[in-house]
Every structure is written in C-alpha cells, then in structure tokens.
Amino acid sequence: MPFYVSPEQVMKDKADYARKGIARGRSGVVIQYAGGILFVAPNPSRALHKISEIYDRIAFAAVGRYNEYENLRKAGVTYADVTGYQFDRRDVTARGIANWYAQQLGQIFTESSKPFEVEIIVAEAAESASDDQIYRITFDGSVADEHGFAAIGGQADQVSTVLKEHYSDGMSLTEALSAALAALAAPNNGEQANAPSSQLEVAVLDRSRPHRTFRRLVGARLEELLQESHPAQSADSAPDTTDDDEPIGPSAPADGNPAPGTSTGPT
C-alpha cells in the first residue's frame, strides 16, 4: 500500500528544509544611499562571490547554497542579455528579472523533491533615488518589494530591525556602510562590526556612472571606508585633552619650574 502524505505537509516540509539551510548562512545587506545602492556580505573567499552584476544598472546578491544561486545568477545574466538584444536595453529592469526569478524558484519549489536553499535580492539604481528598485525573492518564489534596505539569510529579522533603526533617506556611502556593519553585527554580539576588509564583500551600484554602474569596493578604498565608518570608536580611544581636567599630584609653582619630586617624563 503506497504511503500517503498530504500536499500541505509536503509543502511545509519543503519550506522548513529550505529555511534551515538558508539560516545556516551568514546574512547579507542591501541598503540605499544618496549615490546609489550598497551591497555588503560577509565572505572570506575572493573567488566565490555573493554579489555580482546582472546588467547595466542591475545587481544580484544571494545567500544560501552557492552552487544553486550561482546557477540562478548565470541564468539571470543570460535572460537579461537575450531580452536586451531582442528588444531594447531599457526593457531590462530589476522588476522583470525579479519576476523571472520568482517563476523559476516557484516552479522548482512546487515540482522538485528538493527546493533551492537560496534567498536572493535584485536591485536597480535608477537616475534618481526615488526610482531605485530593490526586490527580495525567497526560495518558494515569493517576491517582496523592499524600500530603502533589505536583509537576507541567517538572522535576517534581527539584521532588518537594526537596519531600520540606523537607516535614513539620503545617507552618505560611509553612513550606509556603518549602518550595514552595525546590522550584520547584531546577531554576533558586535563581532562583525570590526571585521577586516578581507572578510567582507562590498559593492555598489553608483548612479553617477553613465552606463555600467556596478563596481566592487576593495583594497585601499574599502579600508578607507571602514575606518571612516567607525568614528565613534576613534573618538573613544583618543585621550581627553580638555581644559576642564585638573592634573593629579603636586602642581607646578608660579615660576614655571616643576615642584620638587615631580617627574616631567612619561609615566
């Protein structure tokens, strides 16, 4: 006698399986700033990318199982290229690519015995910030239209909560990076906030560039931004030299010579 499982139970088991796989990965963050859209993801590998370009003004970020979202990325690039060639480059939009990804993931989730353990974001930097587009696509093909920022993978709920507290319209790139690092540090008790540049993958869609807006932030430029994004730590570590502090120990006499027994060297 064949074993029967209800469709509702099958879908629930698939969803639970995919969520557990995605939760094992580290979160990624996408956040809008005045000059475009910033992508930040913990990634010690220099060869395997979580963030990539899809088309002229469109980028892709993903978390989960690498081989699965890499196949999706390649397929998305092909879809965008074919659409732009057959019609017009302006017909390739983040909305269209997000809908295409939703169809693919929804079909895989419904028909395959094993769903993809991935969560992805497709973002487009428009000529003005008000027209920017950020879409989050989950393992079952659901699409969410995000505004300002989005978090995927790992502890995305905690990360989103911190992002909401730090985000504001018209942020600079440094402020956006600081907010992203603070959000990524939330599930790890602050560990990610001081992560070296070699442990981070950072990229932007720079709306000021005329054609291909995607560029990676690496090397000296990323180091500079990381230093600028922690001004509070620098201020806390600097010595207090205000005139309100009174010296401890015997004071110097009025003639300017040190008092007897007072050391003038470092202590």
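Descriptive notes on the structure:
- Per-atom-type breakdown for segment 71-154 gives carbon and sulfur 46% of the accessible area (1.4 Å probe, protein chains only).
- For residue 14, the lysines whose Cα comes closer than 27 Å to its Cα, not counting residues fewer than 8 places off in the same chain, are 50, 74, 114.
- Theoretical gain in end-to-end length, residue 195 to residue 224 [0.36 nm per residue, Cα-Cα removed]: 9.1 nm
- If you sort the three axes of the alpha carbon gyration tensor as a ≥ b ≥ c, you get a/c of 1.5 or more for segment 78-131 and a/b no higher than b/c, which makes it oblate.
- Per-pair calculated FRET efficiency, R0 = 22 Å: residue 144 and residue 211 via Cβ, rounded to 0.05: 0.15
- Tensor-based shape of segment 27-178 (alpha-carbon gyration tensor, a/c under 1.5 rounded, otherwise prolate or oblate): oblate
- Anisotropy class of segment 32-114 from Cα gyration tensor, a/c 1.5 cut: oblate
- Protein-only accessible surface at a 1.4 angstrom probe places the residues 117, 53, 224, 127 in the order 127, 224, 53, 117, largest first.
- Site pair residue 9 and residue 164 shows an inter-label distance of 3.6 nm when each label is modelled 7 Å from Cα along Cα→Cβ.
The values are calculated or read from the model by the stated rules, or taken from the named source; none is laboratory data. Everything numeric here is computed off the predicted structure, so don't read it as measured data. No Cβ is skipped: glycine too gets one built from the backbone with ideal geometry, and neighbour counts run over all protein chains shown. The protein model used for the area step is the full one, side chains on, heavy atoms only, and it has no ligands, DNA or RNA in it. Shrake-Rupley method; radii C 1.70, N 1.55, O 1.52, S 1.80 Å.
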